[in-house]
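> There's a structure below that I have some questions on.
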Amino acid sequence: MIEQLDAVLLARVQFAFTVSFHFIFPAFSIGLASYLMVLEGLWLKTGRGVYANLYRYWLKIFAVGFGMGVVSGVVLSYQFGTNWSVFSTKAGPIIGPLMGYEVMTAFFLEAGFLGVMLFGISKVGKGLHFFSTCMVAFGTFISAFWILSVNSWMQTPAGFEINVDGQFVPGGSWWDIIFNPSFPYRLVHTVTAAYLTTAFAVGGVGAWHLLKDSTNVGARKMFSMAMWMAVIVTPFQIIAGDLHGLNTLEHQPVKVLAMEGDYDPSPEGAPLILFGLPDDEAAEVRYKVAIPKLGSLILKHDPNAPLPGLTDFPRDEWPPVAIVFWSFRIMVAIGFAMLAIGVWSLVARRRRKLYTSTKLQRAAVIMGPAGFVAVIAGWITTEVGRQPFTVYGLLRTAESSSPLDAPAVAVSLLAFIVVYTAVFGAGIYYLLRLMAQPPHRGESEPPNVPFHAAGITPASSIEAAPIGEGDPHGKL
Amino acid sequence: MASFDLPTIWAAILCFAVFAYVVMDGFDLGVGILFPALSPGEEKDQAINSIAPVWDGNETWLVMGGGGLLAVFPLAYSIILPATYPLMIAMLLGLVFRGAAFEFRWRDPRHRPLWDLVITVGSTVAAVAQGITIGALLQGIQVENNAYAGGWLDWLSPFSCLTGIAVAVGYSLLGATWLIIKTEGSCQRHARRLAFRLGLLTVLALGAVSAATPFLYYEYWRRWFEMPQVLLTAQVPLLVAICTGLFFWSLRKGREVLPFLMALALFLLGFIGLCISIFPYMVPRSITIWDAAAPHSSQLFMLVGAVFIIPLILAYTGWAYWVFRGKVGTEGYH
């Protein structure tokens, strides 16, 4: 029994580790693919070299990030079977086809056009190349669509029946399965998060280079574009997050109560606990700082609305409260910090100090990686908040795992940690090194001529070439 | 509706996906395995350039195989994967290493020898793990109550090690013949010499695996050697002999594309042989494709999409290969 429990815990740690590592890269590539699409579109429309320069600058970064997303994603498609075989047998008839559609409609699309996007600039026309970029960007979105549908179904299962073997099987309409109750909210909230994450990464890189040279045209452009995203998208995201929270309260109240730290029921309106130390044993939040009635105002849009407490629910259905409580606060805090940066940039822009305000730029550099932290924190909130179930309310995590011996899982977990640290550590180092290079200042038209088809490129065009051109190895 | 059998159709589609994977990722893993044999600089750079634009799409067929198995044969998926647990983990880690190293070797010329070594180790581990998995499947998996009931090293046997080596050797042959098509100069000459030796080794390995398989189970023996089906199954070794002859002939004649096609044909025949041995089992001797099948509605829902989308995938994959047709240069690719 003890051994079995350990194997489950190790399998959970392993999945959490691989999925968190993986999630960083798609969160970046969903946003970056769209950004590249916008840049190339703007270049084709305006013909301004700065857009082509930026396209090539971010394309090199995209190549590294996307490659790591692919290899860390392949792992996940097999981990359902290696570590969670009972879950796979039981939920396979529902989630399998959805993931199958993800492979068929998204993975192949991205991979098929990625080669042309990365290496085909000189091999196909501008229009076809732009089309390839669009297909890669579209593919990242479709991928998010399907995998979030799967995840949402596990959170709020719908449209299913349970057969004699205890399997979840389609109950009639696939529409009900795909568009299960939490899916639209989760999709909007997560994809928007990916866009914001990318915007702040781009803004951070732009700000870094502006601090060194505030006249760098490429850096100015990317910083300006990123700050517009911060202004426009952050408020939208906060509203989307609020709606997602209301949806969760309806379908997974225990998760929301854990996020809020509400152990006791609040018949006259719940407070908003800002900080404190949740203690599951004592079923209370120690040293808490709370604002009366505000919790109900946010969750029910009425300060006096009653809310239940965790103690209203059986204890074996609670998630680990402290983790959910804190990861939620980290996500929300970063969201409001993003909003603050957006507002600050708007003020600086009106005063014509956007490119010269070193305080703003320093803040933007600090906030550069914030999106990644927020995305992981949000992911932990929703996934740990779903515990102790894999299929919410129906299939327990402890009953989902493979019949594996603990040593096998322990050894593989260790191997994953060592390999991921080495490989993705190196990858992140290379990404940072690429980002540390300033975008090229030359604004010349990018020559649409082959740059490594031997003998065609005149030397002069290599010298005048903007970023990427004539610099095949990215050495700059 | 009842006139066609969904599990059989899906078994065929998944066989196609697995073979598509072998066709496409086989050569790029093979190039990775052969990497130390190529000289640094021009030869290695040409070899990498020939696979850089396509390896990502190639690997997607592996995800299709795994994802498809989960979707339409969830029981088989959740038995085979725990049964081959260390192999799957090793294969995945190998692919992680290899995929990342492709990018890193361009980014970091100072450590290029290190990343080149990583490419080779990753490719070899992935290929051998895939080969051992085939052997493990053929020799049977212990199943009780629709779940894997063996230990975590049950897959290890002389036979599975043989299939592991056979697949790695075969992939190397695909890699060498692919380089004959895509490269020129010293790299191509080098690839030709390698292809000749690897051709011999591949035929030897194929022969050894074929000879050993019928002795695993009496059922396999009957399937291959009993009248009247022996008249049909005997065509497989006959075709292998013809393809082998054509392979060496085309290599000697200096043909560029035919050796690759013949190497693929050898793989196809080996694959057909595998299917003859296993069908209609998904997990040999215990779970048939009908036992493993997901409910009708799940299979049908996937099929509707697959019928339209797979041809589309093949079309744009073909287009991407067309864009990068011809010989590759030696310079970096971005």
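Read-outs throughout are calculated quantities, based only on the coordinates presented, and are distinct from any laboratory measurement. Here the structure is a predicted model, which means the values were calculated and not measured. Here the Cβ positions follow ideal geometry from the backbone for every residue, glycine too, while neighbour counts run over all protein chains shown.
> What helices in chain B pass both tests, a Cα length along the helix axis of 24 Å or more and a mean Kyte hydropathy of 0.5 or higher, using whole DSSP H runs?
In chain B, the long hydrophobic H runs are B:6-34, B:85-107, B:112-139, B:158-182, B:185-212, B:235-252, B:258-278, B:296-323.
> Is the C-alpha gyration tensor of the protein assembly as shown telling us rounded, prolate or oblate? Criteria: a/c under 1.5 is rounded; beyond that, a/b larger than b/c is prolate, otherwise oblate.
oblate
> Here is a further query. Which residue, B:136, B:165, B:39, has the largest displacement toward the positive end of the dipole of the stretch B:7-323 when charges sit on each Cβ (Lys, Arg +1; Asp, Glu -1)?
It is B:39.
> Give the distance, in whole Å, between the Cα centre of the stretch B:1-63 and the Cα centre of the stretch B:101-137.
Each part reduced to its Cα centre gives a spacing of 14 Å.
> Which of the lysines could a cross-linker bridge to residue B:253, judged by Cα under 30 Å and excluding same-chain residues fewer than eight apart?
B:44, B:182, B:327
> Still on this structure, please answer the following. What does the structure give for A:56-63 when I average, per residue, the other chain Cβ atoms found within 10 Å of the residue Cβ?
2
> While we're looking at this one, here's another question. Quick one: which residues, 5 or more positions from residue A:160 or on another chain, have an amide H under 5 Å from its amide H? H modelled 1.01 Å from N in the peptide plane, none for Pro or chain starts.
When sequence neighbours closer than 5 places are left aside, the close amide H contacts are A:171.
> I've got another one for you. Would you work out the charge dipole size for the protein assembly as shown about its Cα centre, treating the Cβ of every Lys and Arg as +1 and the Cβ of every Asp and Glu as -1, and quote it to the nearest 20 debye?
So the dipole magnitude of the protein assembly as shown works out to roughly 3120 debye.
> Give a residue-ordered list of calculated ³J(HN,Hα) values for the stretch A:286-294 (Karplus: 6.51 cos²θ - 1.76 cosθ + 1.60, θ = phi - 60°; whole Hz; x for Gly, Pro).
So the Karplus estimates, Gly and Pro as x, are 7, 6, 7, 10, 9, 10, x, 6, 5 Hz.
> Now a separate question. Identify the GluC sites (Glu not before Pro) of the stretch A:170-271 meeting these criteria: DSSP loop state and at most 15 other C-beta atoms within 10 Å of the C-beta.
Here the sparse-neighbourhood loop sites are A:268.
> Can I ask one more? If you place +1 on the Cβ of every Lys and Arg, -1 on the Cβ of every Asp and Glu, and leave all else neutral, what size is the dipole of chain A about its Cα centre, to the nearest 20 Debye?
Taking the Cα centre of chain A as origin, the dipole is about 2520 debye.
> Non-local amide H neighbours of residue A:266 (under 5 Å, H modeled in plane, Pro and chain starts lacking H): which ones?
Result for residue A:266 returns A:307, A:309.
> Please compute the length gained on full extension between residue B:249 and residue B:285, using 0.36 nm multiplied by the number of residues separating them and subtracting their Cα-Cα distance.
The span from residue B:249 to residue B:285 would gain 8.9 nm if fully extended.
> Taking Cα atoms, how many degrees apart are the long axis of helix A:370-384 and the longest axis of chain A, rounded to 10 and kept between 0 and 90?
Helix A:370-384 sits roughly 30 degrees off the main axis of chain A.
> How big is the gap, in Å, between the Cα center of the stretch B:271-334 and the Cα center of the stretch B:234-266?
24 Å
> Just going by the charge dipole of chain A, with Lys and Arg at +1 and Asp and Glu at -1 on Cβ, which of A:114, A:238, A:51 is farthest out on the positive end?
Of A:114, A:238, A:51, it is A:51.
> Dipole magnitude of the stretch B:7-323 about its Cα centre, charges +1 at Lys/Arg Cβ and -1 at Asp/Glu Cβ only, in debye to the nearest 20?
760 debye
> Sticking with this structure for a sec: Roughly how many whole Å is it from the C-alpha centroid of the stretch A:45-67 to that of the stretch A:284-337?
Taking the Cα centre of each part, the stretch A:45-67 and the stretch A:284-337 sit 42 Å apart.
> To continue, here is another question. Stokes-Einstein D for the stretch B:7-323 at 4 °C, 1.567 mPa s, Kirkwood Rh over Cα pairs, in µm²/s?
64 µm²/s
> Apply the Karplus curve 6.51 cos²θ - 1.76 cosθ + 1.60, θ = phi - 60°, to the phi angles in the stretch A:329-340 and return the couplings in whole Hz, x for Gly and Pro.
Each residue's phi maps through the Karplus curve to give 5, 4, 4, 5, 4, 5, x, 6, 5, 5, 4, 4 Hz.
> Taking the alpha-carbon distance from residue A:255 and a cut-off under 16 Å, which lysines remain once sequence neighbours fewer than 8 residues away in the same chain are dropped?
Result set, ordered by chain and number: A:300.
> Could I ask something else about it? Taking amide hydrogens as modeled 1.01 Å from N in the peptide plane, which residues meet the under 5 Å criterion relative to residue B:287, leaving out close sequence neighbours?
Sorted by chain and number, the residues that satisfy this are B:282.
> In units of 2.2 N^0.38 Å, what is the alpha-carbon radius of gyration of the stretch A:322-388?
This ratio for the stretch A:322-388 stands at 1.40.
> Within 10 Å of each Cβ in peptide A:429-436, how many partner chain Cβ atoms are there on average? Round it to a whole number, please.
2
> Right, something else. In sequence order, what are the phi-derived ³J(HN,Hα) couplings for the stretch A:347-361 according to the Karplus relation 6.51 cos²θ - 1.76 cosθ + 1.60 with θ = phi - 60°, rounded to whole Hz, with x for glycine and proline?
Each residue's phi maps through the Karplus curve to give 4, 4, 5, 5, 8, 6, 10, 4, 8, 10, 6, 5, 5, 4, 5 Hz.
> If I stretch the segment between residue A:165 and residue A:287 completely, what's the gain in nm (0.36 nm per residue apart, minus their alpha carbon distance), one decimal?
Difference between extended and current length: 39.1 nm.
> Taking the dipole about the Cα centre of the stretch B:1-132, with the C-beta of Lys and Arg at +1 and of Asp and Glu at -1, give me whichever of B:22, B:11, B:80 is farthest to the positive side.
B:80
> Please return the longest stretch of chain B lacking exposed loop sites, where trypsin sites (Lys or Arg not before Pro) count only if DSSP places them in a loop and at most 10 other Cβ atoms lie within 10 Å.
Counting at most 10 other Cβ atoms within 10 Å as exposed, the longest clean stretch of chain B is B:1-252.
> What percentage of all Cα-Cα pairs in chain A are separated by more than 30 Å?
When all Cα pairs of chain A are counted, 51 percent exceed 30 Å.
> Can you list the aspartates and glutamates whose alpha carbon is less than 18 Å from that of residue A:90, not counting same-chain residues fewer than 8 positions off?
Filter leaves A:161, A:165, A:399, B:144, B:291.
> Compute the acute angle (0 to 90°) between the alpha-carbon long axis of helix A:108-119 and the principal axis of greatest extent of the alpha-carbon atoms of chain A; round to the nearest 10°.
The helix A:108-119 is inclined about 30 degrees to chain A.
> Taking 7 Å along the Cα-to-C-beta vector as the label spot, tell me the residue B:153-residue A:437 distance in nanometres, rounded to one decimal.
Label at residue B:153, label at residue A:437, 4.8 nm between them.
> Where does helix A:126-155 land angle-wise versus the long Cα axis of chain A, in degrees 0 to 90, nearest 10?
Long axis of A:126-155 versus the principal axis of chain A: about 10 degrees.
> Note down the relative contact order for the stretch B:7-323 as a percent, whole number, built from C-alpha pairs under 8 angstrom at least six residues apart.
Averaging sequence separation for qualifying contacts and normalising by length gives 23 percent for the stretch B:7-323.
> Taking the convex hull of the Cα atoms, report for the stretch A:240-354 its projected area averaged over all directions, in nm².
Approximately 8.3 nm², given one-decimal rounding.
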